[in-house]
Amino acid sequence: MTDAFGRDPESTSVAGGDIERVLREEGLFVSTTVGISMWPMLRNRRDTIVIRPLPGGERLSVGDVPLYRADIAGHRRYVLHRVVGVHDGWYAIRGDNCITTEHVRDAQVLGRLDEFYRGSRHVTCGSSRVYRLYWRTWLALWPARWCWKHARALVGRFLRRFGWKGLHPGRGPF
Amino acid sequence: MKVKQGFVMRDVADQTVIIATGEASKTFQGMIRVNETGKIVWSGLADGQTVDQIVDKVTAEFDVERAKAAADVETFIGKMRENGFLDD
């Protein structure tokens, strides 16, 4: 009646291997996301993503949100960020809440975000005008966001010299 | 008996899946595909219905014998319990 894909959560690599197998065997992958790099669109452990493999030969477009394989600090990770530039054999990719642009090769891309639930609200990426307006606006605001984040970091570093502990002291990541 | 906080059911194209969000996603990372019977059972438990009420619903929806419906419902509940989706 049901198929279970849950695995031991302490073994990130096993969970990661499952993503690729599920995409290959089921043709889609549904999960929640961890982290704040795609805020405000996706919130840590609150929203639901639906990933499907790209149809054969199709490339991503600016605005698409691919799921790709990345090696971060020696660990295999599966990352969901947005395409901000399309190039020959690779993409410029950046999280909605990030200012660093990543270089991601075609071969790293496992699939694309086709739908998501923000809470209980369902969004189809390819057809939602509100969603298209959101990402176009958000990308257009990047220069201002870049300036804001750098200014905030500078002010934070300056204040920490005088013992300031940050806006949310003691609060860990996810 | 009720569904643990954080487990949600989502309709995706022609499939229905259950995934974990929130705190539940720290211990369960995957997706469970469910069929029509599973959808009714899940929705029933999420709404606080008893097993008997859920069996009644399955019997009415699929026009099957109550014994068969009860067996299917118990099987699905057993799988949910195995995967840690339920608070007893």
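The values are calculated or read from the model by the stated rules, or taken from the named source; none is laboratory data. Just so you know, these numbers come straight off a predicted model, no measurement behind them. Every residue, glycine as well, gets a Cβ built from its backbone with ideal geometry; the counts of neighbours run over all protein chains shown. Areas reflect the complete protein model, heavy atoms only, side chains present, ligands, DNA and RNA absent. Shrake-Rupley method; radii C 1.70, N 1.55, O 1.52, S 1.80 Å.
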Can you tell me which residue within segment B:1-27, out of those that are touching a Lys or Arg at 6+ places or on another chain (Cβ under 9 Å) and touching a residue at least 24 places away in the same chain (Cβ under 8 Å), is farthest from the other protein chains (Cβ to nearest Cβ)?
B:Met1
When segment A:26-58 is examined, which residues are found to be of a type in the set (Lys, Arg), assigned to a loop (DSSP other than H, G, I, E, B) and more than 7 Å from chain B (Cβ to nearest Cβ)?
A:Arg43
If you scan segment B:49-88, which residues turn out to be hydroxyl-bearing (Ser, Thr, Tyr) and within 14 Å of chain A (Cβ to nearest Cβ)?
B:Thr75
Go through (1) at pLDDT 90 or above; (2) open to solvent by 40 Å² or more (accessible area, probe 1.4 Å); (3) in a strand (DSSP E or B) one by one and return the number of the condition A:Glu115 breaks.
(2)
Quick check: anything in segment A:90-101 open to solvent by less than 50 Å² (accessible area, probe 1.4 Å), over 22 Å from A:Leu28 (Cα atoms), of a type in the set (Lys, Arg) and not in a strand (DSSP E or B)?
no
